[in-house]
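A short worksheet on the structure shown next.
Each value in this text was obtained by applying a stated rule to the coordinates, not by laboratory testing. In this text the structure is predicted, and so the values were computed from the model without any measurement. Please note: Cβ atoms are built from the backbone with ideal geometry, for glycine as well, and neighbour counts cover all protein chains shown.
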Amino acid sequence: MKTLSVFFLFSLVLFVFIGNEQMVVEAKTCKIKIEPERPGLDCLSAICDSACKRKYEPQEAKGICLYDRYCYCYYPC
C-alpha cells in the first residue's frame, strides 16, 4: 500500500512538472500569418515550413497550413 502511495505521489509531481514545462514553451512561442507566395494555390505544408525556416531561425521555426489555407509560422519570441 505504501509503494502505491509513493508511486501515485511521484506520478502527480511528474504530471505537474511536465504541464508547467509545456506552458512555458507555449508562452515563448509566437505565431504569424504568412501571405502565400503564389496566391490562389492551396497551402502546402512543405512549402510553408521552408518559408518559415527562411524567414526565422531555421532550427526553431515551424510552418503549418491551417484550415483557412494560409501558412502560419510558429517561432520563438
Whole-Hz ³J(HN,Hα) for each residue in segment 55-66, computed from phi via Karplus 6.51 cos²θ - 1.76 cosθ + 1.60 with θ = phi - 60°, x for glycine and proline: what do you get?
7, 10, 4, x, 6, 9, 7, 9, x, 9, 8, 10
Give the aspartates and glutamates reachable from Lys33 as a straight Cα distance under 13 Å; neighbours fewer than 8 places away on the same chain don't count.
Asp49, Asp68
Separation of the Ile64 and Lys28 label points, Cα + 7 Å toward Cβ, nm:
1.9 nm
